[in-house]
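Okay, so here's the structure we're looking at.
The values are calculated or read from the model by the stated rules, or taken from the named source; none is laboratory data. Just so it is clear, the structure is predicted and the values come from calculations on it, not from any experiment. Note that we place each Cβ from the backbone using ideal geometry, even for glycine, and neighbour counts take in every protein chain shown. Protein only, heavy atoms only, side chains kept; ligands, DNA and RNA dropped before computing areas. Shrake-Rupley method; radii C 1.70, N 1.55, O 1.52, S 1.80 Å.
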Amino acid sequence: MLALLSSLPIIAMQSEGAEQRRASQADPVSNADPVPRLFAVFQAFLDRHAAAIATRDGIEAALVDRIGWPRVALLGGSDSEPRYPAELAEIARAMPPGRRRQRLEQRLRRRQRRWDEATATVGLAEADLQEATLDGALLAAAQALLATPAWTSQALGLKLLVLLSVHAPGPASDETSPWRELRLILADLGRLTASEGAVG
């Protein structure tokens, strides 16, 4: 998905150049194609969403540096490796009832309260809401683009790119159907678009 998203600006520029060439030739069908405009809206939301994620992650990283994650250390597992439960249920599953478990549960509650109080002062909740809002707007922009008929091969390539970037499960799906075949079709469309631009 990241590779696809990183290719968005390049494909958008190729499409824009092709559209400008066609517009200069007074092609009314190409001029009427709304997909490049919708793609520009999608890409703007994509950029804003990426910036919101970076802001949110920066706030969280600074908070972790200051007070640490809201979790406790649990030693003596079956593999002798320390574990760090962040939920009361994890402690309950790992330890029998008793004073030691109670102390760990109390410590975790204190750290969770401290984390909640700190997030309210540094704006992490607001950053989470902003990121989620932009994610919703990004998905809505993608859906609007995908529901719009394409009039040119460039627009069809943009639609396929947005489909893959938004709906493909991730790198693990790159070699599975139908995602592998859709990527091959996208590459075919890219070659066709490039050859059409060279001819034009």
For Arg101 and Glu117, compute 0.36 nm times the residue count separating them, minus their Cα-Cα distance, and round to one decimal in nm. 3.3 nm
In the neighborhood of Glu60, defined by Cβ-to-Cβ distances under 12 Å, what is the net charge if each Lys or Arg adds +1 and each Asp or Glu adds -1? -2
How large is the accessible surface of Ser153 in square angstrom, using a 1.4 angstrom probe and rounding to the nearest 10? 30
How much net charge surrounds Trp115 when only the other residues with a Cβ under 12 Å from the Cβ of Trp115 are counted, with Lys and Arg +1 and Asp and Glu -1? +4
Would you mind telling me the share, in percent, of accessible area of the stretch 54-167 contributed by carbon and sulfur at probe 1.4 angstrom? 52
Note to self: with every protein chain in place and a 1.4 Å probe, the stretch 119-193 gives an accessible area per residue in Å² of 51
C-alpha center-to-center spacing [the stretch 64-140, the stretch 150-200] in angstrom: 41
Using the beta-carbon distance between His167 and Val41 and R0 = 22 Å, what value does 1/(1 + (r/R0)^6) give for FRET efficiency, to the nearest 0.05? 0.75
Here the FRET efficiency for Thr148 versus Ile53, based on Cβ atoms and R0 = 35 Å and rounded to 0.05, is 0.85
